[in-house]
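Novice: Starting off with a structure, shown below.
The values are calculated or read from the model by the stated rules, or taken from the named source; none is laboratory data. Keep in mind that this is a model prediction, so the values were computed, not measured. Here the Cβ positions follow ideal geometry from the backbone for every residue, glycine too, while neighbour counts run over all protein chains shown.
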Amino acid sequence: MEHVLAAVGVRKRFGALVVLDGVDLSVGGGDAVGIVGPNGAGKTTLLNVLAGSLSPDEGRVELLGEDVTESGAARRCRLGVGRAHQVPRPFGNMTVFENVLVGAASGGGGGRRKAYERAIEAVELCALEALANRRAESLGLLDRKRLELARAVATGPRVLLLDEIGGGLTDAEAAELVATVAELRSRGIAIVWIEHIVHVLVRAVDRLVCMDQGRVIADGEPAEVMRDAKVIDAYLGTAAA
Amino acid sequence: MSRPLLTVERLEARHGLLQAVRDVSLEIDDGETLALVGANGAGKTTLLRTIAGAHQPSGGRVVFDGEDVTWAPAYRRARMGIALVPEGRKLFPDLTVEENLRVATAARRPGRWDVDEVLEVFPLLQPLRRRHAASISGGEQQATAIGRALMANPRILLLDEVSLGLAPVVVEGLYRSLAGLSEAGVTIVLVEQDLSRAMAVASRVVCMLEGRLVLEGAAGELTREQVTEAYFGLAAGGAR
Amino acid sequence: MSWIDAVVHGVLLGGQYALLATGLSLMFGVMRIINLAHGSIALVGAYMTFLVVEHVGISPYVALVVVIPGALVVGYILQRTVLERSLRAGDLVPLLTTFGLLIVIANLLQYFFSPDVRGLSSGGIGTANLQITSTLTVAWFDVLVLGIAVALLGGLDLLLHHTQLGRELRATAADPDTAELVGVNARAVYAQATAIAVGTAALAGVFYAMRSNFDPTSGPTELIYAFEAVVIGGIGSLWGTLVGGIVLGVAQTVGAQINVQYFALAGHVVFLSVLIFRAVRAAGGVRVLRRAMS
């Protein structure tokens, strides 16, 4: 299997606005890919197309070799696409464990016992054991983000889509988040991480993709991509002559 | 004018659980054009909205023309002369272009700006007066949004990412108009992702990163390298 | 009665519904408040007119001169005190608040006016008839009510599209936060909208009382028809409320023509059909619904 998740020739427009203009992205098992780009580049739209909450006008999405373009988000989740959202919105009056269990039970398939085991594993992977029985609404920001990850992990994903989860953290907290993501990766879950806070992202991924105006303009080693003149121009505008 | 028109003192603002603005202090003089740059999520929009009264701060002060407006409701600030052109334009979709402009007279401020003046600055809107705001193009909407803010006869104009989603040639036109306004003495604070454009129009630049001001200087004096570093928080070599 | 008779009477009935529904539509269109007490407020208008008529001895039509301005003031105060706070408290709180208001009003009316059934005199017009064809006769009063509904809607349309208040109302309805940014005091605007809504409710209540007898429990039934009229006509559209009222009225009278017991049911069926049709279309059509469930 060459890739776990791939977007092939994806195009998407909203009315007259072309948001994705022929995007090819291939994520292999065990990869950790970061996606950056200025506002309006199409990153979130791409994520939505990969996750299945948006369908492309052209092109297809492949998961483990299978064409899943026509499948909705719920089905893709069951097939192995997990997603962590930018603003964690846990079920406040349920405990951390119960929140994770929701993900395990509905997304993972299998019986109740299996769901429980998956939930326990997800809680451990994301370093939430000490908080497992606390109500979700009492959690601080970093732990909420971990909970969001655990919920996604509990669905048993092969690839995890992370939607700008790096915001609002101190340096130390960001380091802990990066460590959690690394742990998930070491368990064989591929990571696709959209992020604006570039300096956090480059510590977590070994491949960086930069998008601008609906296209991929750079794809490679993080430090190199961030030095690429095209990338800097995309963010800051072309250097004045 | 010795005292600054707008002073922001140690401002703090949250966005849910996130601290979007951290300990920001800033002074803006009458007639200045200030560019506020930074990556997405850096807190620029929250800062502008807090100044305009659309967002409540969690600490610090906003002082406008000598008066503490930190807790004043947004409509009062508009009537005092603070006008915000919000991110995404936020025109009233069922109102026509002209109605969108005229609504802003709710700010009850006398001044040179009326519908005719606005149409002189943005002649592309002339044939569109009776069109519904939802039916015109992005560039036309942006012009309308700026015009609407001008109709309030503001003393300070806050512009949040006016070039977003617009074709370069349209952005050119908008910035020409902005330069004209700047020359006419309108005080402007401009949030912009395209640094070159911002620096071409502004006299001063500040850069935000994760809620803090990390760089400040005259537009002509800052190098592209300095700004790039501040923008991404990456020192040369990719480490932080 | 022939079918044409039924339709004509249905249209006139629609005028009554539209008159009551206007205020409901306005409050929902501007503030997203579903005022469950709207019918009760209309009833209070009827009772106040009753009081004025009893004590001053003038006709109900003249009493309107006192009652309507009073209703405008009451509406303004209602918004600034009770409803404004409810809006801040959450999306569903206004629903609870207005429901509470409905109950309070019904009980207060019962207490002060006893459960006795009352009526208002509709004067000379009340008994006059208009002969349209050899077989079709309508009451002048009904025509008057339809005329008032049209005039009211026309007036509101003028207000909304040709005055600064109207612009501010529509802007605040679309986006209250952005409206504030351009200097609109959203709370004052909302209060003015509620004032108008309560004023029109009182007007509708008085004409209702002139047409039929009323007692403290009459509010909620009429509210249901007004609500259906608003939904059928399309939420947010004032003239749609007139259309909705007429469609409802015609559905009811035609239904009654088939079988007298089908009067209300026919209206409900049409209401439900329109609701489902619109809901599916808003979700993106049947195709999108199927995909979302896969």
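Novice: Are any residues in the range B:34-61 within 24 Å of B:PRO110 (Cβ to Cβ) and either in contact (Cβ under 8 Å) with a residue 40 or more places away in the chain or among the basic types (Lys, Arg) (or both), and if so, which ones?
Specialist: Passing the criteria: B:ILE51, B:ALA52.
Novice: Here's something else I'd like to know. Among the residues of the range C:106-138, write down those that are hydrophobic (A, V, I, L, M, F, W, C), part of a loop (DSSP other than H, G, I, E, B) and touching a Pro at 6+ places or on another chain (Cβ under 9 Å). Talk me through it step by step, then tell me what you get.
Specialist: The initial filter retains those residues of the range C:106-138 that are hydrophobic (A, V, I, L, M, F, W, C), namely C:106, C:108-109, C:112-113, C:117, C:120, C:125, C:128, C:130, C:132, C:136, C:138.
Of the ones still in play, those that are also part of a loop (DSSP other than H, G, I, E, B) are C:117, C:120, C:128, C:132, C:136.
Across the range C:106-138, the qualifying residue is only C:LEU120.
Novice: From the residues in the range B:70-84 that are within 11 Å of chain C (Cβ to nearest Cβ) and not aliphatic (A, V, I, L, M), which one is surrounded by the most Cβ atoms within 10 Å (Cβ to Cβ)?
Specialist: Only one residue fits best here, namely B:ARG77.
Novice: Restricting to the range B:179-216, and then to whatever is of a type in the set (Asp, Glu) and surrounded by fewer than 24 Cβ atoms within 10 Å (Cβ to Cβ), can you tell me which residue is farthest from A:ILE197 (Cα to Cα)? If you could, list the steps in order and put the result at the bottom.
Specialist: Let us first name the residues in the range B:179-216 that are of a type in the set (Asp, Glu), namely B:183, B:192, B:194, B:210, B:216.
Now narrow it down to the ones that are surrounded by fewer than 24 Cβ atoms within 10 Å (Cβ to Cβ): B:183, B:194, B:216.
On the way: B:GLU183: 35, B:ASP194: 17, B:GLU216: 20 Å.
Selected residue: B:GLU183.
Novice: When the range A:23-48 is examined, which residues are found to be in contact with a Gly (Cβ under 6 Å, 6 or more places away or on another chain) and more than 20 Å from A:PRO222 (Cα to Cα)?
Specialist: Once the filter is applied, which keeps residues that are in contact with a Gly (Cβ under 6 Å, 6 or more places away or on another chain) and more than 20 Å from A:PRO222 (Cα to Cα), the range A:23-48 yields only A:GLY40.
To keep it simple, each residue is scored yes or no on (1) farther than 30 Å from C:VAL143 by Cα; (2) surrounded by fewer than 24 Cβ atoms within 10 Å (Cβ to Cβ).
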{"residue": "C:ARG167", "(1), (2)": "yes, no"}
{"residue": "C:THR172", "(1), (2)": "yes, no"}
{"residue": "C:ASP175", "(1), (2)": "yes, yes"}
{"residue": "C:VAL182", "(1), (2)": "yes, no"}
{"residue": "C:ALA195", "(1), (2)": "no, yes"}
{"residue": "C:SER212", "(1), (2)": "no, yes"}
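Novice: Looking for something touching a Gly at 6+ places or on another chain (Cβ under 8 Å) and within 14 Å of chain B (Cβ to nearest Cβ) - is there at least one such residue anywhere in the range C:213-235?
Specialist: Yes.
Novice: Select from the range B:1-50 the residues that are within 11 Å of another protein chain (Cβ to nearest Cβ) and outside any strand (DSSP E or B) and list them in ascending order.
Specialist: To start, the set of residues in the range B:1-50 that are within 11 Å of another protein chain (Cβ to nearest Cβ) comprises B:14-20, B:22, B:37-45, B:48-49.
B:GLY16, B:LEU17, B:GLY38, B:ALA39, B:ASN40, B:GLY41, B:ALA42, B:GLY43, B:LYS44, B:THR45, B:LEU48, B:ARG49, listed by residue number.
Novice: Got at least one residue in the range C:9-22 being surrounded by fewer than 24 Cβ atoms within 10 Å (Cβ to Cβ) and of a type in the set (Val, Ile, Thr)?
Specialist: Looking for residues that are surrounded by fewer than 24 Cβ atoms within 10 Å (Cβ to Cβ) and of a type in the set (Val, Ile, Thr), one finds at least one in the range C:9-22, hence yes.
Novice: Could you list all residues from the range B:13-26 that are out of contact with any Pro (no Cβ under 6 Å at 6 or more places or on another chain), of a type outside the set (S, T, N, Q) and crowded, with 16+ Cβ neighbours inside 10 Å? Outline the logic, then answer.
Specialist: Within the range B:13-26, the first condition is being out of contact with any Pro (no Cβ under 6 Å at 6 or more places or on another chain), and the residues that meet it are B:14-26.
From what's left, of a type outside the set (S, T, N, Q): B:14-18, B:20-24, B:26.
Listed by number, the residues that qualify are B:ARG14, B:HIS15, B:LEU18, B:ALA20, B:VAL21, B:ARG22, B:VAL24, B:LEU26.
Novice: For residues in the range B:111-153 being closer than 17 Å to B:LEU164 by Cα and in contact with a strand residue (DSSP E or B) (Cβ under 9 Å, 6 or more places away or on another chain), which is surrounded by the fewest Cβ atoms within 10 Å (Cβ to Cβ)?
Specialist: B:GLY138
Novice: Only residues that are surrounded by 17 or more Cβ atoms within 10 Å (Cβ to Cβ) and touching a strand residue (DSSP E or B) at 6+ places or on another chain (Cβ under 9 Å): list them for the range C:110-138, please.
Specialist: If we filter the range C:110-138 for residues that are surrounded by 17 or more Cβ atoms within 10 Å (Cβ to Cβ), which is where we start, we get C:120, C:122, C:138.
The answer is C:LEU120, C:VAL138.
Novice: For B:LEU91, only one of the following conditions fails: (1) touching a Lys or Arg at 6+ places or on another chain (Cβ under 7 Å); (2) in a loop (DSSP other than H, G, I, E, B); (3) at pLDDT 95 or above. What is its number?
Specialist: (1)
Novice: C:GLU180 versus (1) assigned to a helix (DSSP H, G or I); (2) more than 30 Å from B:ARG108 (Cα to Cα): which is the lone unmet condition?
Specialist: Exception for C:GLU180: condition (2).
Novice: Just a yes or no: is a residue in the range B:116-125 assigned to a helix (DSSP H, G or I), among the hydrophobic types (A, V, I, L, M, F, W, C) and either within 17 Å of B:VAL191 (Cβ to Cβ) or touching a residue at least 60 places away in the same chain (Cβ under 8 Å) (or both)?
Specialist: Taking the range B:116-125 and keeping what is assigned to a helix (DSSP H, G or I), we get B:116-121, B:123-125.
Those still in the list that are among the hydrophobic types (A, V, I, L, M, F, W, C) too: B:118-119, B:121, B:124-125.
Keeping just the survivors that are either within 17 Å of B:VAL191 (Cβ to Cβ) or touching a residue at least 60 places away in the same chain (Cβ under 8 Å) (or both) gives B:121.
Yes: one or more hits.
Novice: Give the number of residues within the range A:32-46 that are on the phi > 0 side of the Ramachandran plot and either surrounded by fewer than 22 Cβ atoms within 10 Å (Cβ to Cβ) or modelled with pLDDT of 95 or more (or both). Let's see the steps before the verdict.
Specialist: At the first step, the residues of the range A:32-46 found to be on the phi > 0 side of the Ramachandran plot are A:37, A:40, A:42.
Going one step further and asking which of them are either surrounded by fewer than 22 Cβ atoms within 10 Å (Cβ to Cβ) or modelled with pLDDT of 95 or more (or both), we end up with A:40.
Number satisfying all stated conditions: 1.
Novice: Could you tell me whether the range B:163-173 includes any residue that is away from chain C (no Cβ under 14 Å), more than 30 Å from A:ALA234 (Cβ to Cβ) and surrounded by fewer than 16 Cβ atoms within 10 Å (Cβ to Cβ)? Walk me through how you get there before you give the answer.
Specialist: The initial filter retains those residues of the range B:163-173 that are away from chain C (no Cβ under 14 Å), namely B:163-173.
Imposing the further condition that a residue be more than 30 Å from A:ALA234 (Cβ to Cβ) reduces the set to none.
Looking for residues that are away from chain C (no Cβ under 14 Å), more than 30 Å from A:ALA234 (Cβ to Cβ) and surrounded by fewer than 16 Cβ atoms within 10 Å (Cβ to Cβ), one finds none in the range B:163-173, hence no.
Novice: Anything in the range B:193-221 that is within 12 Å of chain A (Cβ to nearest Cβ) and of a type in the set (Gly, Ala, Ser)? List them, or say none.
Specialist: Scanning the range B:193-221 gives B:SER196, B:ALA198, B:ALA200, B:GLY211, B:ALA219, B:GLY220.
Novice: Condition first: within 14 Å of another protein chain (Cβ to nearest Cβ), touching a Leu at 6+ places or on another chain (Cβ under 8 Å) and not aliphatic (A, V, I, L, M). Now tell me which residues in the range B:98-128 satisfy that.
Specialist: Scanning the range B:98-128 gives B:ASN100, B:TRP113.
Novice: Okay, next question. When the residues of the range C:139-177 are filtered to those that are within 14 Å of chain B (Cβ to nearest Cβ) and either assigned to a loop (DSSP other than H, G, I, E, B) or in contact with a strand residue (DSSP E or B) (Cβ under 8 Å, 6 or more places away or on another chain) (or both), which remaining residue is modelled with the highest pLDDT?
Specialist: If we take residues in the range C:139-177 being within 14 Å of chain B (Cβ to nearest Cβ) and either assigned to a loop (DSSP other than H, G, I, E, B) or in contact with a strand residue (DSSP E or B) (Cβ under 8 Å, 6 or more places away or on another chain) (or both), then C:THR163 is modelled with the highest pLDDT.
Novice: With the checklist (1) under 14 Å from B:LEU11 (Cβ atoms); (2) more than 10 Å from chain C (Cβ to nearest Cβ) in hand, flag the one item B:GLU67 doesn't pass.
Specialist: Unmet condition: (1).
Novice: Every residue in the range A:9-31 that is of a type in the set (A, V, I, L, M, F, W, C) and surrounded by fewer than 18 Cβ atoms within 10 Å (Cβ to Cβ), please.
Specialist: Narrowing the range A:9-31 to residues of a type in the set (A, V, I, L, M, F, W, C): A:10, A:14, A:16-20, A:23, A:25, A:27.
A:PHE14, A:ALA16, A:LEU17, A:VAL18, listed by residue number.
Novice: Would you check if B:GLN141 is more than 14 Å from chain C (Cβ to nearest Cβ) and at negative phi?
Specialist: Working: more than 14 Å from chain C (Cβ to nearest Cβ): no; at negative phi: yes.
Against the criterion (more than 14 Å from chain C (Cβ to nearest Cβ) and at negative phi), B:GLN141 does not qualify.
Novice: As an exercise: evaluate A:LEU161 against (1) in a helix (DSSP H, G or I); (2) away from chain B (no Cβ under 14 Å); (3) of a type in the set (A, V, I, L, M) and give the number of the one condition it does not meet.
Specialist: (1)
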